[in-house]
Amino acid sequence: MVAALAFAGPGQEPAVREVSPTPVQPGQVRVSVEAASVNGIDASVATGRLWDVLPHTFPVVLGRDLAGTVQEVGEGVRTFTPGQRVTGAITSMDLGIGTGTIAQSVTVDAGILTPVPVGVSSPRAAAVGLAAVTARDLIAALQISADDVVFVSGATGGVGTYAVQLAVAAGATVLATARPGDAADFVRSLGTALVVDYTDPASAGAAVAPWGVTAIVHAAGDAASLAALLPSGGRLASALGVTAEQVGRADITVIPVVAAAHPAKLSTLLADVACGRLKVPVTRTYPLERAADAVADFAAHKLGKLVVEVG
Ligand SMILES: NC(=O)c1ccc[n+]([C@@H]2O[C@H](COP(=O)([O-])OP(=O)(O)OC[C@H]3O[C@@H](n4cnc5c(N)ncnc54)[C@H](OP(=O)(O)O)[C@@H]3O)[C@@H](O)[C@H]2O)c1
């Protein structure tokens, strides 16, 4: 048995409990998990309100990102060997048995894994995962260049902190949302030209307008209000699945983005982390026994990424 942050059944709270390890099938790898980070999907599942929406089998283990060590490889797996340090992100929304990563071990398809570069700790590797790939896909969808003025809404979260950095790295001028105080300082440290207090929408709009925003990363907030900041021909990419119809603007491009966590993308992002080009915004870590707190804290004005240290 392995300890995991799991729902035993509907109507129960997620708690650290013993679950059976999933057998390793051909093409799969069992990873001894050292760290797993928390994402929006975990917080949503933890509410217990998605059982009618997502396919699942109890016990449902939370967690989509992982970093750890290969324990066992299935038939046909030639890319990984036991003892190798690996990381990966599960993007499937199927919460079948053994698919969560906040656990002492998890069995995953070898195709989602990539090696962890030397010098990158497991907590940092686990915090890249889904959030950084989503940010990368948002920035790619917007085709951000040095000519852009990009407004990142939700810049204090996991996706947003990576999106800010990737847009800055592309040479763009970046404006980003944050509450005043520590959150604003945090976002400023990532290279933003202007921090916008989203809790005061009227002054936020007035502060942003003179900058001539050309593109918007939508990781939080009201998409229609954000789209109103764009001129005709502007672009908005949404991590929340918002479409052009929903924002009511036919004269701008709106791209709903669903992250595709291909290992090659993760590998590139991890290489940037290893050489210091990309900061991993881990602001708090939790031992496995406190994993339920990590998921609860996710929705409580935290900054950046929260990580559960399992090993
Ligand atoms: N499409 C995909 O494939 C994909 C993948 C990953 C995540 N997502 C989604 O992308 C979104 C962001 O994910 P995440 O992991 O970065 O979540 P997160 O860490 O919770 O980040 C959201 C951030 O937005 C801030 N915020 C809340 N309301 C805001 C508003 N009105 N305007 C501006 N900022 C606001 C929050 O800060 P406060 O503390 O101030 O509330 C928080 O820091 C989530 O909805 C998640 O489900 C989608």
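The values are calculated or read from the model by the stated rules, or taken from the named source; none is laboratory data. If you're wondering where the values come from, they're calculated on a predicted model, not measured in any experiment. Heads up, the Cβs are rebuilt from the backbone with ideal geometry, glycines too, and the neighbour counts pull from every protein chain shown. Surface accessibility is based on the protein's heavy atoms, side chains included, excluding ligands, DNA and RNA. Shrake-Rupley method; radii C 1.70, N 1.55, O 1.52, S 1.80 Å.
Numbers at a glance
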quantity	calculated
Some residue of region 216-227 being farther than 15 Å from L240 by Cβ, surrounded by 20 or more Cβ atoms within 10 Å (Cβ to Cβ) and of a type outside the set (S, T, N, Q)	no
Any hit, region 195-213, residues being in contact (Cβ under 8 Å) with a residue 12 or more places away in the chain, open to solvent by 30 Å² or more (accessible area, probe 1.4 Å), among the aliphatic types (A, V, I, L, M) and in contact with a helix residue (DSSP H, G or I) (Cβ under 7 Å, 6 or more places away or on another chain)	yes
So A239, is it within 14 Å of the ligand (Cβ to nearest atom), of a type outside the set (D, E), exposed (fewer than 14 other Cβ atoms within 10 Å of the Cβ) and closer than 27 Å to V149 by Cβ	no
Helices (runs of 4 or more DSSP H) lying entirely in region 244-311 (those with 1 or more residues that are outside the structural domain of R188 (by TED's automatic domain parsing))	263-274, 291-298
Which numbered condition A67 fails, given (1) assigned to a loop (DSSP other than H, G, I, E, B); (2) in contact (Cβ under 8 Å) with a residue 24 or more places away in the chain	(1)
Number of the condition not met by G248 [criteria: (1) under 16 Å from A204 (Cα atoms); (2) open to solvent by 50 Å² or more (accessible area, probe 1.4 Å)]	(1)
Candidate set: region 273-303, residues that are among the aliphatic types (A, V, I, L, M) and near the ligand (Cβ under 10 Å from one of its atoms); chosen: the one nearest to P14 (Cα to Cα)	A299
